[in-house]
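The values are calculated or read from the model by the stated rules, or taken from the named source; none is laboratory data. Note that this is a predicted model, so its numbers are computed, not measured. Neighbour counts are summed over all protein chains in view; Cβ atoms, including those assigned to glycine, are modelled from backbone coordinates with ideal geometry. Ligands, DNA and RNA are stripped out before the accessible areas are found, and what is left, the full protein with its side chains, is counted by its heavy atoms. Shrake-Rupley method; radii C 1.70, N 1.55, O 1.52, S 1.80 Å.
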Amino acid sequence: MTDDFEVGEYDPELVENWSKTNESEGLESDGKGDKVRVRVKKFPLCPASMREYIPCLDNEEAIKELSSTEKGEKFERHCPEEGKGLNCLIPAPKGYRTPIPWPRSRDEVWFSNVPHARLAEDKGGQNWIAVDKDKFKFPGGGTQFIHGANQYLDQIAKMLPEIAFGRHTRVALDVGCGVASFGAYLLSRKVLTLSVAPKDVHENQIQFALERGVPAMVAAFATKRLLYPSQAFDLIHCSRCRINWTRDDGILLLEVNRMLRAGGYFVWAAQPVYKHEAVLEQQWEEMVNLTTRLCWTLVKKEGYIAIWQKPLNNSCYFSREEGTMPPLCAPDDDPDKVWYVDLKPCISRLPEEGYGSNITKWPERLQNPPDRLQSIQIDAYISRKELFRAESKYWKEIIEGYVRALKWGKFKLRNVLDMKAGFGGFAAALVESKLDCWVLNVVPVSGPNTLPVIYDRGLIGVMHDWCEPFDTYPRTYDLIHAAGLFSVERKRCNISTIMLEMDRILRPGGRVYIRDSLTIMDELQEMGTALGWHVAMRDTSEGPHASYRILTCDKRLIRA
């Protein structure tokens, strides 16, 4: 890898020559300890119609066979069967350009990178998004805050100073986010917001959010738990998010309650809050009734915004009148178990030890070992707090080395994915190094569930099984980081499947850093070459005799 290479650059010669050959050279052992050259078949290009393909959300075959779609089932994961998964490289749109870097990208992106004008046509009067020559412009508005997100955030902060953006409130969830202006403008207030929306009639809203450089995922409130832990978010926001929170005795709001931190806030900006039409007034009464039964307190209602607060402990739940619905979940229900778990029609209990409710303020919480460390199911000979501090120190030293030796400070990094995040030490080190990026921390289902700790640190993340595709658009990330992932997952699924998925979600000009066992590096190097990546093997700081290596990969732009 050249030191002057920047994320977003690509090699025109490679683009031109890609379709002319279908083989590339790789290395393979000859069984006697020597390496010999072998031919590795290159992956073909996918059709141009697959430019925005999300395998588990675009599986039309499976969606057609659903027995019901009335609760939004078609927006949930339906992954291709084995043997029918992705086996080609997703091409970029015609005219794709190096993304505009952050912070300019908050306000404008290239039209050619997300060439879909429907949102601008549908929401033009609401100040979401506009087409201006060869760019999309984002004025900062939303359906319920057409005068701009900053003014809207000022209003919320004035209504309830206890929210304390950037100190008490660090991690937020924006439901039905539009183009994610709410989250985009919160970033300057030191609040990390995960913006989510389904791939519905406005299917490209998450793609716009990611192109802007704002944390976002495709996700739907339907029949399954979202892939985030209990007590993840200090604040959950819904502004005209088109969700019927009171349906089925509030099962969707129960999911919000599961993910909302003890003492956290739910902000609802919607017509039932302020309009005095009979139907809307009835919806407001239903919402008040439901939130009261959930033991939420309506702490402020002003104009078109209502704010509720979740209790700090279980005492209110136990003092409800007998038979009050919804009931408390059974003591053995694990609120952090989320992978393909159905929504539960019950209230998730809060830990009796107070875990989750007593975290420190930002930025101190980034390096403070949280109490929920004690609930993580791991075999450890030393204390969890020592493990936490050791991981933080380990990644701090590595990132400092990357900045110094590999010139990470010069990269145009913005959207980063850590495929095996542990306690979030890699992401925390990037924060401390003041690299202007955000990290989505992935906790694989094949290991311990450390997600609660990641959120308690003031970071964001998601549960995932890397033997299946990820719920995001192609060309999402500038950097994908995988430490110790492949040596674990190779026992469960094909390495080529995982690397093809990495290529799908990596931007042209993006980078991959893989730290893993020496025994697997040759295979990874061959696969990277077959994907058309420029690959290079590096020693770790332990030197050439260490059992680990670093594979650095650059993705070049390939068009159909």
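Please state which one of 94, 41, 35, 74 is modelled with pLDDT of 70 or more and within 30 Å of residue 518 (Cβ to Cβ). It would help to see each step written out before you state the result.
Details: 94 fails: within 30 Å of residue 518 (Cβ to Cβ); 35 fails: modelled with pLDDT of 70 or more; 74 fails: within 30 Å of residue 518 (Cβ to Cβ).
None of the others qualify; the one that does is 41.
Of the residues 179, 214, which is among the aliphatic types (A, V, I, L, M), over 19 Å from residue 417 (Cβ atoms) and assigned to a loop (DSSP other than H, G, I, E, B)? Only one candidate qualifies: 179. Filter the stretch 142-192 down to the residues that are hydrophobic (A, V, I, L, M, F, W, C), within 17 Å of residue 241 (Cβ to Cβ) and under 18 Å from the mean Cα position of the chain (by Cα) and list them by number. Passing the criteria: 172, 173, 175, 177, 179, 180, 182, 184, 186.
Please list, ordered by residue number, the strands (runs of 3 or more DSSP E) wholly in the stretch 239-358 having 2 or more residues that are aromatic (Phe, Trp, Tyr) and open to solvent by less than 80 Å² (accessible area, probe 1.4 Å). Steps first, answer last, please.
Working: elements: 260-269, 297-302, 305-309.
Filter on the stretch 239-358 gives 260-269.
Tallying residues that are modelled with pLDDT under 95 and of a type in the set (Asp, Glu) within the stretch 201-236 yields 1. One residue stands out among those in the stretch 381-422 that are basic (Lys, Arg), at pLDDT 90 or above and assigned to a loop (DSSP other than H, G, I, E, B): the one that is least open to solvent (accessible area, probe 1.4 Å), which is 414. Which of the residues belonging to the stretch 469-519 are of a type in the set (Val, Ile, Thr) and closer than 16 Å to residue 446 by Cβ? Across the stretch 469-519, the qualifying residues are 488, 495, 497, 498. Screening 480, 520 for residues that are touching a Ser or Thr at 6+ places or on another chain (Cβ under 8 Å) and either among the β-branched types (Val, Ile, Thr) or closer than 19 Å to residue 42 by Cα (or both) leaves exactly one candidate, 520.
Could you tell me whether residue 364 is under 27 Å from residue 255 (Cβ atoms), exposed (fewer than 12 other Cβ atoms within 10 Å of the Cβ) and without any contact (Cβ under 8 Å) to a residue 60 or more places away in the chain?
Working: under 27 Å from residue 255 (Cβ atoms): no; exposed (fewer than 12 other Cβ atoms within 10 Å of the Cβ): yes; without any contact (Cβ under 8 Å) to a residue 60 or more places away in the chain: yes.
Taking the combined requirement at face value, the residue does not satisfy it.
Within the stretch 82-104, if we keep just the residues that are free of Cβ contacts under 8 Å to residues at least 40 places away in the same chain and touching a helix residue (DSSP H, G or I) at 6+ places or on another chain (Cβ under 7 Å), the residue that is nearest to residue 48 (Cα to Cα) turns out to be 95. If only residues of the stretch 207-225 that are touching an Asp or Glu at 6+ places or on another chain (Cβ under 9 Å) and among the β-branched types (Val, Ile, Thr) are counted, the one that is nearest to residue 105 (Cα to Cα) is 218. A Cβ distance below 7 Å, combined with a sequence gap of six or more or placement on separate chains, defines the contacts here; from the stretch 377-401, residues that are under 18 Å from residue 418 (Cβ atoms) reach residues that are open to solvent by 40 Å² or more (accessible area, probe 1.4 Å) and part of a helix (DSSP H, G or I) in the pairs 396/432.
Mind checking which residues of the stretch 341-389 are charged (D, E, K, R) and over 21 Å from residue 227 (Cα atoms)? Steps first, answer last, please.
First pass over the stretch 341-389, keeping only residues charged (D, E, K, R): 342, 344, 349, 352-353, 361, 364-365, 371-372, 379, 384-386, 389.
Selection gives 352, 353, 361, 364, 365, 371, 379, 384, 385, 386, 389.
Of all residues in the stretch 52-80, those that are surrounded by fewer than 16 Cβ atoms within 10 Å (Cβ to Cβ) have Cβ atoms under 9 Å from Cβ atoms of residues that are part of a helix (DSSP H, G or I) and not small (Gly, Ala, Ser), 6 or more apart or on another chain, in 63/73; 63/74; 66/73; 66/74; 67/73; 69/63; 69/75. Here residue 227 fits the description: open to solvent by 10 Å² or more (accessible area, probe 1.4 Å), within 20 Å of residue 55 (Cα to Cα) and under 14 Å from the mean Cα position of the chain (by Cα). Taken over the stretch 164-181, residues that are at pLDDT 95 or above, touching a Lys or Arg at 6+ places or on another chain (Cβ under 9 Å) and not β-branched (Val, Ile, Thr) amount to 6. Can you confirm whether the stretch 434-447 contains a residue that is among the charged types (D, E, K, R) and surrounded by fewer than 24 Cβ atoms within 10 Å (Cβ to Cβ)? Checked against the condition, which is being among the charged types (D, E, K, R) and surrounded by fewer than 24 Cβ atoms within 10 Å (Cβ to Cβ), the stretch 434-447 yields at least one hit. The C-beta contact set for the stretch 522-551 (first residue closer than 19 Å to residue 398 by Cβ, second residue among the small types (Gly, Ala, Ser) and assigned to a loop (DSSP other than H, G, I, E, B), distance under 7 angstrom, 6+ apart or interchain) comprises 539/546; 540/546.
Can you tell me which residues in the stretch 486-511 are touching a helix residue (DSSP H, G or I) at 6+ places or on another chain (Cβ under 8 Å) and among the aliphatic types (A, V, I, L, M)?
Once the filter is applied, which keeps residues that are touching a helix residue (DSSP H, G or I) at 6+ places or on another chain (Cβ under 8 Å) and among the aliphatic types (A, V, I, L, M), the stretch 486-511 yields 495, 498, 499.
Cβ-Cβ contacts under 9 Å between residues 6 or more apart (or on different chains), taken from a first residue in the stretch 296-325 that is within 24 Å of residue 161 (Cβ to Cβ) to a second residue that is in a loop (DSSP other than H, G, I, E, B) and charged (D, E, K, R), are listed as 296/310; 297/310; 304/275; 313/352.
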